[in-house]
């Protein structure tokens, strides 16, 4: 009987609000599709994640040459605290959404007073809240898995040998630690993306058209930040030696230009 009621609710959802169904499909397509494409098919060496992976390899390679690795462990611990904050925040948000479920009548009365809001049925309203709960539960699991992987990275840093002769023989140990850190960052990024898309889900509480527009804008914002932002430009700058060489060339050209202007003035 409960299963029959469930399918009747789905049928009622499709028949009474096809726009909400289209908006939900667009949200799932953008959220899942973006993560699948960026994480599995787009291997741009100039993207933010790819550049940070190279810096993690450099970091873990430098760890081999240090006897005191307290600084490195402290860096990982600071990352641990940041992810733990988001994980605990996810639990608080889920609790807040469940509290709204208990006060659905009052919440619907407030939404019905808004000029641009639609008038959802109780089944559609619960569907919207259920989506928000699912989104933040997914984010919670991503953050907690990232935390566990950071713990493993701490262990790998502590287990790294201190080479006394040829450091190249121990490069695989540093690469292994860098890969674990990168996997942790990958799951943290997915959790952060989920937070971004959840902001679009808030718009669904008002209007399905707002929901689709907000989801599209979020995809554009995330893409810009991961591939076209200023931080990506900085990370893709040439190495320190090339920068110093460019500065020396710039000073030389500036000096030559000044000398030529002095001669022309005479």
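Read-outs throughout are calculated quantities, based only on the coordinates presented, and are distinct from any laboratory measurement. In this text, all values refer to a predicted model and were calculated from it rather than measured experimentally. Heads up, the Cβs are rebuilt from the backbone with ideal geometry, glycines too, and the neighbour counts pull from every protein chain shown.
Before moving on, here are some points about what is shown:
- In this calculation the C-beta distance from residue 217 to residue 58 is compared with R0 = 41 Å, giving a FRET efficiency of 0.70.
- At R0 = 30 Å, FRET efficiency that the Cβ-Cβ distance of residue 183 and residue 95 yields, to 0.05: 0.55
- Taking 0.36 nm per residue of sequence separation and removing the Cα-Cα distance, the residue 19/residue 228 pair yields an extension gain of 72.0 nm.
- Mean Cβ neighbour count within 10 Å, used as a protection proxy, ranking 182-191, 26-35 highest first: 182-191, 26-35
- Packing, as the average of other Cβ atoms within 10 Å across residues, places the peptides 204-210, 170-176 in the order 204-210, 170-176, highest first.
- Taken along the Cα-to-beta-carbon direction at a fixed 7 Å, the label points for residue 235 and residue 40 span 2.2 nm.
- Packing here is the average count of other Cβ atoms within 10 Å per residue, and on that basis the peptides 217-225, 124-132, 139-147, highest first, run 139-147, 124-132, 217-225.
- Whether the range 174-235 is rounded, prolate or oblate, judged on the alpha carbon gyration tensor where a/c under 1.5 counts as rounded: oblate
- Tail fraction, Cα-Cα pairs, the range 70-235, threshold 25 Å, whole percent: 49
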